[in-house]
1. So G118 clears everything in (1) farther than 17 Å from N13 by Cα; (2) touching a residue at least 40 places away in the same chain (Cβ under 8 Å); (3) open to solvent by 60 Å² or more (accessible area, probe 1.4 Å); (4) assigned by the TED database to the domain that holds T159 except one condition, right? Which one?
2. For segment 90-115, enumerate the residues that are modelled with pLDDT under 80 and in contact with a Ser or Thr (Cβ under 9 Å, 6 or more places away or on another chain).
3. Take the residues of segment 6-51 that are in a helix (DSSP H, G or I) and touching a Gly at 6+ places or on another chain (Cβ under 9 Å): which is least open to solvent (accessible area, probe 1.4 Å)?
4. Mind checking which helices (runs of 4 or more DSSP H) fall wholly inside segment 153-267 and carry at least 3 residues that are in the same structural domain as E104 (by the TED database) and in contact with a helix residue (DSSP H, G or I) (Cβ under 8 Å, 6 or more places away or on another chain)?
5. If we scan segment 87-104, do we find a residue that is hydroxyl-bearing (S, T, Y), within 21 Å of A25 (Cα to Cα) and open to solvent by 20 Å² or more (accessible area, probe 1.4 Å)?
6. Residue under question is G118, and the condition is that it be of a type in the set (G, A, S), farther than 30 Å from N27 by Cβ and part of a loop (DSSP other than H, G, I, E, B); does it hold?
Amino acid sequence: MQRVLKMPQVHPNPRQPREYFDQDALNELAKSIKKYGLMQAIEVRPDNELGGYEIVSGERRWRAHQILGKTKIRANIISEKSEIQRFKRSMSENVNRADMTPFEEARGFQRILDEEEGATIESVADDFGKTVTYIKLRLALLDLREEVAKHVEAGEIGTQAAVQIAALSHANQGALLAKFARGEFASDNEIVHFAFAMRQQQDQAVLMIVEEMTDEERRERASAQKKTRSTLDKIEQVRGLLDEIARTEPIKLAETLDGQVGARLEQLDRVAESLTRARFQLKQAKAHAEARQLVTVNPDAVHDSRQDTAPEPAAA
C-alpha cells in the first residue's frame, strides 16, 4: 500500500547494515530529487514499539528529503517481516553501492549467518548475487585487529592487503602494522606480498635455522646459492647486450635484421615475459627475507583456505 507520509512519522532502522553515508553523494541525490522528483518510493513498516514507520529500504532517499527540507515523502507500507528478513532486504539495496564499505558488508553477512536459521556462506552468496569467494574474503576482514581495521576503514590499507593481513595471527598483524607505521611499505602491493610471505612462514612448525642443518643440507644449500647467484650474474650480462640494442637507431636495426624484425621482436617479448615472472619471484623472496625477521611461528595454526590465493604478478 502506497501513502504519502509526514517526514517526522518516518525513522531509520538503527540496525540497518549501512553505517556510513557519503555526504557528497547525498547532496547529488537531493539535487536529482529536486529536479526530477522521487522516482521510487521508499519502503517502510509500521513500528509498533516506537510508533510511526521504520525504513526498510530507501534511507538515502529519506535523508535527501531532509536535506531539501521536505515535509512529506512517498512510501510503500509493507507487511510485517522478521527482523532478519528486513535487514536482508535493506542490505540487498545497498550491497552493490560503491559507498558501502567492505566492513559494513562483512558485518552484514556475518549477522545473517548468525541470526538466520540454516544460513550458510553459499546461501548468503546466492541471496546477494555474489560468489562464495567474495563472501569469504569479506568475512575474513572481521579477523583483523582493531588497529589494523581502522587503517583499512580510513582507506590507508587496501582491501586486498587487508585480506592477506587478516590471515595472520594477532602478533604478526601487530608486527606488520609497526612496519607500516614506520613508512616501510612503498605501496599497497608491497603489503600484499609481505603479508602473504608472513602467512606462509607463520604456518610452518619451525623456521629453518642454518646452524641446525646437516652437512648434506648445508652442501645442497651452498650449491643452490651458487647456481642462483651465477644465473643472476648472467642476466646482468644480458642487460648489457639489451642496452646495446636499445642504443641502435631503428633504421639501422631494420637494415641489419632484414626479414627478421618481427621474429626478433617476438623473441624480446618472450624475454620480457620471463623477466616479469622472475622479478615477481624476487619481490616475493624479498618479502620472505624481511618477514623472516619479524614473523612469530604458529605451529598450532588452523588452516583457513580463505586467504590461500597468492598475489598476482603485476603486468609488465
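1. Every listed condition holds for G118 apart from (2).
2. S90, E93, N94
3. Q9
4. 159-166, 170-181, 188-202
5. There is at least one residue in segment 87-104 that is hydroxyl-bearing (S, T, Y), within 21 Å of A25 (Cα to Cα) and open to solvent by 20 Å² or more (accessible area, probe 1.4 Å).
6. So G118 passes the test.
Every residue, every condition in (1) of a type in the set (D, E); (2) modelled with pLDDT of 90 or more; (3) more than 38 Å from the chain's Cα centre (by Cα), yes or no:
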site	(1), (2), (3)
K226	no, yes, yes
G240	no, yes, yes
A263	no, yes, yes
D269	yes, yes, no
A289	no, no, no
V297	no, no, no
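The values are calculated or read from the model by the stated rules, or taken from the named source; none is laboratory data. Nothing here was measured: the structure is a model prediction, and the numbers come from that model. Cβ sites come from the backbone with ideal geometry, for glycine too, and all protein chains shown count toward neighbours. Surface areas here come from the heavy atoms of the whole protein model, side chains and all, with no ligands, DNA or RNA. Shrake-Rupley method; radii C 1.70, N 1.55, O 1.52, S 1.80 Å.
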